[in-house]
């Protein structure tokens, strides 16, 4: 038996939509941080710092519930380790790897492929029906993204090129979809705080081997004031608050419906990228923008929020 998948009635549905929207807005800033810290901190170091902050802040509040619900957690330890590895260790690390070669808006646009994978995985692993209404919403969202990328000129699709960062983001999108489906299978008797603890801890431990490799083969992270602000944002906002909101949204309205809210991600990330990083609202690869500085303000404006 698993946790109740949704709250019936308008109240539960509306609450679920608002929670999914809140998580999406907060997560949109994660791509901004990935770009802003690309020159000062290696990607795995960013991921480790993020989850170290999140786990340390959660620990005083989550240790008690974890102890009380430990028998249930222990009985499903493999589930929590897999969920933590997928949703904490690897998914987020891939985002920060992508941020080294891909602009924030590009990452957000590619991330919107997650709902497609969520609906597919939900059908395969959860048996959720793919309704006409859901497909219509999916089609409308995809059409909107194509119009945004091409600025209404479909001929531009033939000129799009891809970087290695784009491929990392595609992989991250699939991992996020897998995490969202796994959240729906949360064992009964495990509260939200315990769930976060039981996934954050193995997720943080899962980053350690990657961190050891990165530090032994590459540059050390530089904790500038901008880096500290960015890490605090993703550690508190994009980890603790957003993950809790998203998990509650999935419990209320299911992963497929929550996935449709996720399509608003590029709108928020695009605006933030323009205001905070000076990155233009187009989908050209970052290397092309650097070669054409007259088209944008250039450089990172720095984290100001």
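The values are calculated or read from the model by the stated rules, or taken from the named source; none is laboratory data. Bear in mind that the values here come from a model prediction, so they are computed numbers and not experimental data. Note that we place each Cβ from the backbone using ideal geometry, even for glycine, and neighbour counts take in every protein chain shown.
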- Just to be sure, is residue 34 at pLDDT below 90, buried (at least 18 other Cβ atoms within 10 Å of the Cβ) and outside any helix (DSSP H, G or I)? no
- The one condition residue 163 fails out of (1) modelled with pLDDT under 90; (2) buried (at least 17 other Cβ atoms within 10 Å of the Cβ); (3) over 22 Å from residue 39 (Cα atoms) is (3)
- Would you kindly identify the helices (runs of 4 or more DSSP H) lying entirely within region 90-137 that contain at least 2 residues that are free of Cβ contacts under 8 Å to residues at least 12 places away in the same chain and touching a strand residue (DSSP E or B) at 6+ places or on another chain (Cβ under 7 Å)? none
- What residue, of 50, 67, 74, 15, is surrounded by fewer than 24 Cβ atoms within 10 Å (Cβ to Cβ), touching a residue at least 40 places away in the same chain (Cβ under 8 Å) and in a helix (DSSP H, G or I)? 15
- Query: Can you tell me which of 40, 45 is surrounded by fewer than 19 Cβ atoms within 10 Å (Cβ to Cβ), in contact with a helix residue (DSSP H, G or I) (Cβ under 7 Å, 6 or more places away or on another chain) and within 30 Å of residue 212 (Cβ to Cβ)?
  - Reply: 40
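Matching residues to (1) touching a helix residue (DSSP H, G or I) at 6+ places or on another chain (Cβ under 6 Å); (2) under 16 Å from residue 34 (Cβ atoms); (3) modelled with pLDDT of 75 or more:
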site: 252; (1), (2), (3): yes, no, yes
site: 265; (1), (2), (3): yes, yes, yes
site: 283; (1), (2), (3): yes, no, no
site: 290; (1), (2), (3): no, no, no
- Query: Would it be correct to say that residue 157 is assigned to a helix (DSSP H, G or I), surrounded by fewer than 19 Cβ atoms within 10 Å (Cβ to Cβ), at pLDDT below 90 and touching a helix residue (DSSP H, G or I) at 6+ places or on another chain (Cβ under 9 Å)?
  - Reply: yes
- Message: I'd like to check which helices (runs of 4 or more DSSP H) are fully inside region 170-263 and have at least 2 residues that are within 14 Å of residue 90 (Cα to Cα) and in contact (Cβ under 8 Å) with a residue 12 or more places away in the chain.
- Response: 192-217
